[in-house]
Amino acid sequence: MTKWQCSVCGYIYDGDEAPEKCPKCGAPKDKFVKLDDQAADLVGRSRFSNNLHMELLTLMEKAKEISDKGIKDALDPNCVSLFKSSLAAAIDIQQKVKAELKAHMNKGKWG
Ligand SMILES: [Zn+2]
């Protein structure tokens with residue numbers, strides 16, 4: 001699909017024509033620039049990857065909840081040890097994902 005970018009705020013709009021005004025900053029239609037195929041493709045690829053990162057964040061949030069329950073349950077020291085390491089791993093992955101997403105935003109790989 002054709003993609004249009006607001007030259008004022010960077011908002012990306014999908015549609016055959018640019019919107020009457022920017023949904024984010026309210027800039028008029030003539031402030032929108034049509035993205036070429038290469039730029040539009042990059043936006044599509046970035047969205048896919050960003051969505052995967054967001055899914056991973058959600059999954060790790062769940063892993064943290066499970067680990068917390070396991071630690072509280074404290075059946076035996078081996079179980080607690082395993083849940084503590086899964087908690088640490090989930091936090092580690094979340095921090096790395098957040099850093100990567102921040103890098104995407106700084107490189108403009110977000111839209
Ligand atoms: Zn805008």
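When the criteria are applied in full, residue 46 meets the requirement of being in a helix (DSSP H, G or I), among the polar types (S, T, N, Q) and surrounded by 12 or more Cβ atoms within 10 Å (Cβ to Cβ).
Checking the structure you have, find out if any residue of the stretch 38-53 is small (Gly, Ala, Ser) and over 23 Å from residue 101 (Cβ atoms). For the stretch 38-53, residues small (Gly, Ala, Ser) and over 23 Å from residue 101 (Cβ atoms): absent. Across the stretch 2-36, what is the total count of residues that are more than 11 Å from the ligand (Cβ to nearest atom), part of a loop (DSSP other than H, G, I, E, B) and in contact (Cβ under 8 Å) with a residue 24 or more places away in the chain? Result for the stretch 2-36: 2.
Just wondering, is there one or more residues in the stretch 68-85 that are within 24 Å of residue 13 (Cβ to Cβ) and outside any helix (DSSP H, G or I)? So far as the stretch 68-85 goes, no, none of its residues is within 24 Å of residue 13 (Cβ to Cβ) and outside any helix (DSSP H, G or I). Evaluated against (1) farther than 17 Å from residue 109 by Cβ; (2) within 14 Å of the ligand (Cβ to nearest atom), residue 66 falls short on exactly one condition, (2).
The single residue among 56, 82 that is within 25 Å of residue 107 (Cα to Cα) and surrounded by 12 or more Cβ atoms within 10 Å (Cβ to Cβ) turns out to be 56.
Answer yes or no: is there a residue in the stretch 37-48 that is within 16 Å of the ligand (Cβ to nearest atom) and at pLDDT below 95. Yes - at least one qualifying residue is present in the stretch 37-48.
Evaluating residue 11 against the criteria (1) closer than 22 Å to residue 101 by Cβ; (2) assigned by TED's automatic domain parsing to the domain that holds residue 101; (3) among the aromatic types (Phe, Trp, Tyr) leaves one unmet condition, (2). Taking the stated definitions as given, is residue 89 farther than 29 Å from residue 16 by Cα and out of contact with any helix residue (DSSP H, G or I) (no Cβ under 9 Å at 6 or more places or on another chain)? No, not satisfied.
The values are calculated or read from the model by the stated rules, or taken from the named source; none is laboratory data. Just so you know, these numbers come straight off a predicted model, no measurement behind them. So basically every Cβ, Gly included, is an ideal-geometry build from the backbone, and we count neighbours across all protein chains shown.
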